[in-house]
Amino acid sequence: MGQFAIIGLGRFGSAASLELMRMGHSVLGVDTNGKLVDKYADQLTHAVIADVTDPAALDELGLDNYDVVLVAIGEDIQASLLCVVHLKSMGIQTLWVKASSHAQHLILSKLGVTRIVHPEEEMGIRVAQALSYPMVNDYISIGNGEFVVEIDISEHLEGVPLSQVLQDQPETIHVLLVKRKTQITVHPPADFILRAKDILVLLGQLDTLKTIAPKLA
Ligand code: ADP
């Protein structure tokens, strides 16, 4: 399991920390705010009060023992950038940073951080997509316009074979699996009969998936 250090235990940093813990990883949480550190002390592997703009305080955290350091300081851009500069000069290899503005993104990209995340924008896009495609539970982009999507099918598809649902696009959409409660059928055949509450995991081009998704809802 991984070792993660999360700097800043605001809404974003604490949510990321708790989810990593839930997934079985080890998490060090750091914040200047003693109340927040106390709040998460029992839920994280370690929780420490430190001001990460101070290189001596950063040194004491032993961050080179961690697989990834995530800087999750939102509002105080100066503190975030100063911390990143110190972490880079300490030789931290894998550094993820939450960015709040385009200017900060530009500076972070020049500093050579591993990954810059924009949670508000990314979440805004996800929410908009969920609003237009409520049947899509979850999705990941795998590049070149290809997506893997998880779709809850509508109850009116009870008893319908998979081939009928995919009619026009049998080649361009790949049905990776069907989930029925705890049972998973990998690469179901075209004559697979759907049941209400089945969940389909499909792979295909976004445009094709957009035409198929409403037929499944
Ligand atoms: P969010 O939108 O995720 O809640 P915030 O900006 O409110 O983001 O939270 C960032 C957290 O980072 C706060 O809890 C704040 O105390 C912490 N923080 C800010 N500056 C420092 C610093 N220099 N050292 C350590 N933690 C800091």
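The values are calculated or read from the model by the stated rules, or taken from the named source; none is laboratory data. As the structure is a prediction and not an experimental result, all values here were calculated from the model. Cβ sites come from the backbone with ideal geometry, for glycine too, and all protein chains shown count toward neighbours.
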Within the group Val149, Val136, which residue is modelled with pLDDT under 90 and in contact with a Leu (Cβ under 9 Å, 6 or more places away or on another chain)?
Val136
Output yes when any residue across segment 18-30 is closer than 23 Å to Thr114 by Cα, surrounded by fewer than 18 Cβ atoms within 10 Å (Cβ to Cβ), of a type in the set (Gly, Ala, Ser) and near the ligand (Cβ under 9 Å from one of its atoms), and no when none is.
no
Residues of segment 50-92 being in a helix (DSSP H, G or I) and acidic (Asp, Glu), which ones?
Asp59, Glu60, Asp64
Asp42 being within 15 Å of the ligand (Cβ to nearest atom) and not hydrophobic (A, V, I, L, M, F, W, C)
no
Would you check which residues across segment 1-36 are closer than 24 Å to Glu120 by Cα, out of contact with any Ser or Thr (no Cβ under 9 Å at 6 or more places or on another chain) and part of a helix (DSSP H, G or I) and list them?
Arg11, Phe12, Gly13, Ser14, Ala15, Ala16, Ser17, Leu18, Glu19, Arg22
Are any residues in segment 59-77 touching a residue at least 12 places away in the same chain (Cβ under 8 Å), of a type outside the set (Val, Ile, Thr) and near the ligand (Cβ under 9 Å from one of its atoms), and if so, which ones?
Ala72, Gly74, Glu75
The one condition Leu131 fails out of (1) within 16 Å of the ligand (Cβ to nearest atom); (2) surrounded by fewer than 11 Cβ atoms within 10 Å (Cβ to Cβ) is (1)
Could we say that Ala5 is among the hydrophobic types (A, V, I, L, M, F, W, C), surrounded by 14 or more Cβ atoms within 10 Å (Cβ to Cβ), free of Cβ contacts under 8 Å to residues at least 24 places away in the same chain and more than 9 Å from the ligand (Cβ to nearest atom) here?
no
